[in-house]
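Okay, structure first, notes after.
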Amino acid sequence: MAYYTLDDLLNSEANNIENIQTKAKGPEGKLPLTDQMLRHSPSGDLFGLSQNVGMGWSPSKLRGKEVLLLSTQGGMKDSDGFPIALGYHTGHWEVDQLMKEAAMEINRSGGIPFAAYVSDPCDGRSQGTTGMYDSFPYRNDAAIVYRRLIRSLPTRKAVIGIATCDKGLPAMMLALASMHDLPTVIIPGGVTLPPEYGEDAGKIQTIGARYSNNEITLEEAAEMGCRACATPGGGCQFLGTAATAQVVSEALGLSLPHSALAPSGQEIWREMAKNSAKAVIELERERMTTKDIVTDASIHNAMVVHAAFGGSTNLLLHIPAIAHAAGCKIPTVQDWIKVNRQTPRLVSVLPNGPDYHPTIRAYLAGGVPEVMLQLRNLGLLNEEVMTVTGKTLRDNLDWWEQSERRRKMKERLKLADHIAADEVIMSKEQAEQKGLTSTITFPTGNIAPEGSIIKSTSIDKEKIDDQGIFYHKGVAKVFTSERDGIEAIRQGKISQGDIMVVSGCGPLGTGMEETYQLTSALKHLSFGKHVTLITDARFSGVSTGACIGHVGPEGLADGPIGKLRDGDVIEVNIDTIRLEGKVNFLGTSEHPVSPEEGAMILSQRSQNHLKPAEALPDDTRLWAALQKVSGGTWRGSIYDVDRILKVLEAGEEALKNKSVTNR
């Protein structure tokens, strides 16, 4: 039954029809046109001036250089900052403040700021839902829209990108990296603070699994869940994909020194936006563009810094895509292996540990420049790369080493949290004494002939022997969806010693969903460290434990992982020091076989009853197909247009030949 009649909704008296105006005076003044402009400028440039004054810009200020500000802003606030409509997550809730500060600085310099927005989803909000089917594909789509927005303002002289979280920031980096002939700067959106009492935003996502296993009460879940996001803006408090992407942006030279992981909403965070606007204006004046900054050498530096931080495995999907957008060499698996073998992990933060410091402490301990100081002492960085300061990385690090900012940050960390900076960011020697190990291993074997990924630094130390070996031989419990896997955990059907296999969750099945529900549950359940997970899906940046993902080929591409059965014996052997590993099917308890024999058996088996998720959107199916012919996940799930066109042309030719044959 309707609550309102049409008369209620469209009441003419309430709508004040008699006050409707049909014309207006228009802006006062004159456009700064010249004979040359009228004779030779495109009509779009001229009409753009009319639009500018129509929106309220003074005609006398139209000669300034135009700077486009792009952000992931979401939600709406009233004049006092209270929510009118919520955003999807804290990561885009406060970036409007950064936009405002940057815009005002451009205005003060005599420029003309433009602002546009492409908001982003929250991976935490979509975990375990069909919303996750859009998560990874969103990155490519958003990057396309950002690029179109940049090109659609032909008069812009520079671009500033403002983003914070898992997909919005990688999308922004892809878009700006492809603007080879424009000066660009990225302003990271910063981090939220941890609660004074309670759990971080990573652990809090396991309350359902822990409650179902009687490890917390309903009251504890409700109270801690309320407090987890202790401040309204910024990315989560752990070194997940959001924080790692901020670190990578700075390591690439696209962001100002010591800008990643700043506390959202605070003055030092807003100051970063002002200074970033000053930087992009100076870049434009000096005619320095993105292609001068994002180079093969800066991509290498970003990979090294990623390894030193112990960053999210999702950046192994994003950094190759950024390299492709920049026209640089796309890193191979061998490149990643080499970097991770050479680079010690130096940062102790959530979720890797060994001490679980939130990301705000990494910022106060010196953040990216502090880590880079340690890395240059080891000779692992190319210091001649240019950055958005207009100076080389060497110049930036020389400044940081002697800066008052560095000293005061460390003093603040000691005063506020009673933590010494070198407890968070360490030298190689200190890190070795603390037991920090290198970040990522790329296991192969008859289950993963194209490779896989494990964040070996986060395997529970109790499960690693004195030689740095993680070994688990056990019986498989096979699932063909993440939902079935998490239900098994909640119903107590997963036990210590099991090996969980979850297939059908790669790009073709689910858009390569994150399986954080599973990995976080195994991290925080008391028996979870004794369970190994193997999947063709990807992991959240906060995932930890013996979790092997990105298994290739994926199950739906006839990969061996899609042919495993309940009761199969699987052997996992990870060398966390040499960063080597094997994941092999070894038959059954009754009929053991060698890895070579196992490969033969799997090749002859039929695939399990795998199929794309029923709710998989057509948009994601298209993305999966396009990224597959572009080289798949190991090339960053990019759109390689030349490859795609070749496949389409070959397909068209094949269809023509088939049509002729059938006549």
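Report, to the nearest whole %, how much of the accessible area of segment 466-618 belongs to carbon and sulfur atoms, 1.4 Å probe, protein only. Let's see the in-between values first.
Values: 2820 of 5820 Å².
Exposed carbon and sulfur together represent 48 percent of the surface.
How many percent of the accessible area of segment 27-153 is carbon or sulfur, using a 1.4 Å probe?
Carbon plus sulfur share of accessible area: 55 percent.
Run the 1.4 Å probe and let me know the accessible area of THR457, rounded to the nearest 10 Å².
Approximately 0 Å² of THR457 is accessible to the 1.4 Å probe.
For n ≥ 4 DSSP H runs only, could you compute -39500 (n - 2.57) per run for the chain, divide by its residues and tell me the 222 nm figure to the nearest 500?
Calculated at 222 nm, the ellipticity per residue is -12000 deg cm²/dmol.
As I understand it, the dipole of the chain uses +1 on the Cβ of Lys and Arg and -1 on the Cβ of Asp and Glu, about the Cα centre. Which of LEU38, VAL478, ASN275 lies farthest toward its positive end?
Result: LEU38, furthest along the dipole toward the positive end.
List every residue whose amide H lies under 5 Å from the amide H of GLY552, counting only residues 5 or more places away in sequence or on a different chain, with H placed 1.01 Å from N in the peptide plane.
Correct list: GLU450, GLY451.
With the cut-off at 1.5 for a/c, could you classify segment 80-146 from its C-alpha gyration tensor as rounded, prolate or oblate?
Working: a/c = 3.93, a/b = 1.73, b/c = 2.28.
The shape class here is oblate.
Among rounded, prolate and oblate, which fits segment 332-399 when a ≥ b ≥ c are the square roots of the eigenvalues of its C-alpha gyration tensor, a/c under 1.5 means rounded, and a/b larger than b/c means prolate?
oblate
What percentage of the solvent-accessible surface of segment 155-204, computed with a 1.4 Å probe over protein heavy atoms, is contributed by carbon and sulfur atoms?
Answer for segment 155-204: carbon and sulfur cover 47 percent of the accessible area.
Based on the Cβ-Cβ distance of ALA416 and GLN604, what FRET efficiency does E = 1/(1 + (r/R0)^6) give at R0 = 56 Å, to the nearest 0.05?
The computed FRET efficiency comes out at 0.35.
Evaluate the charge dipole of the chain about its Cα centre and quote only its size in Debye, nearest 20, assuming +1 on the Cβ of each Lys and Arg and -1 on the Cβ of each Asp and Glu.
I would put it at about 1520 debye.
Which whole-Hz ³J(HN,Hα) couplings does segment 642-655 yield from phi under the Karplus relation 6.51 cos²θ - 1.76 cosθ + 1.60, θ = phi - 60°, glycine and proline marked x?
Each residue's phi maps through the Karplus curve to give 4, 5, 4, 5, 4, 5, 5, 5, 5, x, 4, 5, 5, 5 Hz.
What does the accessible area per residue of segment 363-429 come to in Å², with a 1.4 Å probe and no ligands, DNA or RNA counted?
On the way: 3190 Å² over 67 residues.
Solvent-accessible surface per residue comes out at 48 Å².
Quick one: Cα centre-to-centre distance for segment 105-132 and segment 566-591, in angstrom?
43
Could you tell me which label, among [x] 112, 78, 56; [y] 155, 58, 48; [z] 89, 76, 57, carries the value of Cα extents along the principal axes in Å calculated for this structure?
[z]
Can you tell me how segment 1-152 classifies by the Cα gyration tensor, rounded, prolate or oblate, using a/c under 1.5 as the rounded cut?
oblate
Return a whole-number percent for the relative contact order of segment 20-142, with Cα pairs under 8 Å and 6 or more residues apart as the contact set. Please list the in-between numbers first.
Details: 120 pairs, mean separation 29.6, N = 123.
Relative contact order, segment 20-142: 24 percent.
Would you mind getting the accessible area per residue of segment 9-76, heavy atoms of the protein chains only, 1.4 Å probe, in Å²?
75
Work out the length of the dipole vector of segment 19-129 about its Cα centre, built from +1 on the beta-carbon of each Lys and Arg and -1 on the beta-carbon of each Asp and Glu, and round it to the nearest 20 debye. Before the final figure, lay out each step's value.
Details: 11 positive and 12 negative charges, 114 e Å.
With Lys and Arg at +1 and Asp and Glu at -1, about 540 debye.
In straight Cα distance, which lysines are under 16 Å from LYS656, not counting same-chain residues fewer than 8 positions off?
Candidates past the 8-residue exclusion: LYS646.
Using θ = phi - 60° and the Karplus curve 6.51 cos²θ - 1.76 cosθ + 1.60, what whole-Hz ³J(HN,Hα) does each residue of segment 617-624 get, with Gly and Pro shown as x?
x, 4, 4, 6, 4, 5, 4, 4
If you project the alpha carbons of segment 493-551 onto their three principal axes, what span does each projection cover, largest first, in Å?
Cα extents, longest axis first: 33, 20, 16 Å.
Under a 1.4 Å probe, what is the accessible area of segment 199-311 per residue, stated in Å²?
With the other protein chains kept in place, segment 199-311 gives 33 Å² per residue.
Skipping prolines and chain starts, which residues have an amide H placed within reach, meaning under 5 Å, of the one on GLU580, given they are 5 or more residues away or on another chain?
When sequence neighbours closer than 5 places are left aside, the close amide H contacts are ASP575.
How much net charge surrounds GLY128 when only other residues with a Cβ under 12 Å from its Cβ are counted (Lys, Arg +1; Asp, Glu -1)?
Residues close to GLY128 contribute a combined charge of -3.
Got a sec to turn the phi values of segment 302-310 into Karplus ³J(HN,Hα) couplings, 6.51 cos²θ - 1.76 cosθ + 1.60 with θ = phi - 60°, whole Hz, x for Gly and Pro?
Each residue of segment 302-310 in turn: 5, 5, 5, 5, 4, 5, 5, 7, x Hz.
Which of LEU68, GLN51, GLY29 sits closest to the plus end of the dipole of segment 1-144, meaning its Cα is farthest towards the positive end, when Lys and Arg get +1 and Asp and Glu get -1 on the C-beta?
It is GLY29.
Largest first, how would TYR138, TYR117, TYR3 line up by accessible area (1.4 Å probe)? Kindly include the intermediate steps, with their values, before the conclusion.
Details: TYR138 40, TYR117 115, TYR3 205 Å².
Reading off the accessible areas and sorting them downward yields TYR3, TYR117, TYR138.
The values are calculated or read from the model by the stated rules, or taken from the named source; none is laboratory data. The shown structure was predicted, so the numbers you read here are calculated from the model rather than taken from an experiment. Virtual Cβ from ideal backbone geometry, glycine too; neighbours counted across all protein chains shown. All accessible areas refer to the heavy atoms of the entire protein, side chains included, with ligands and DNA or RNA removed. Shrake-Rupley method; radii C 1.70, N 1.55, O 1.52, S 1.80 Å.
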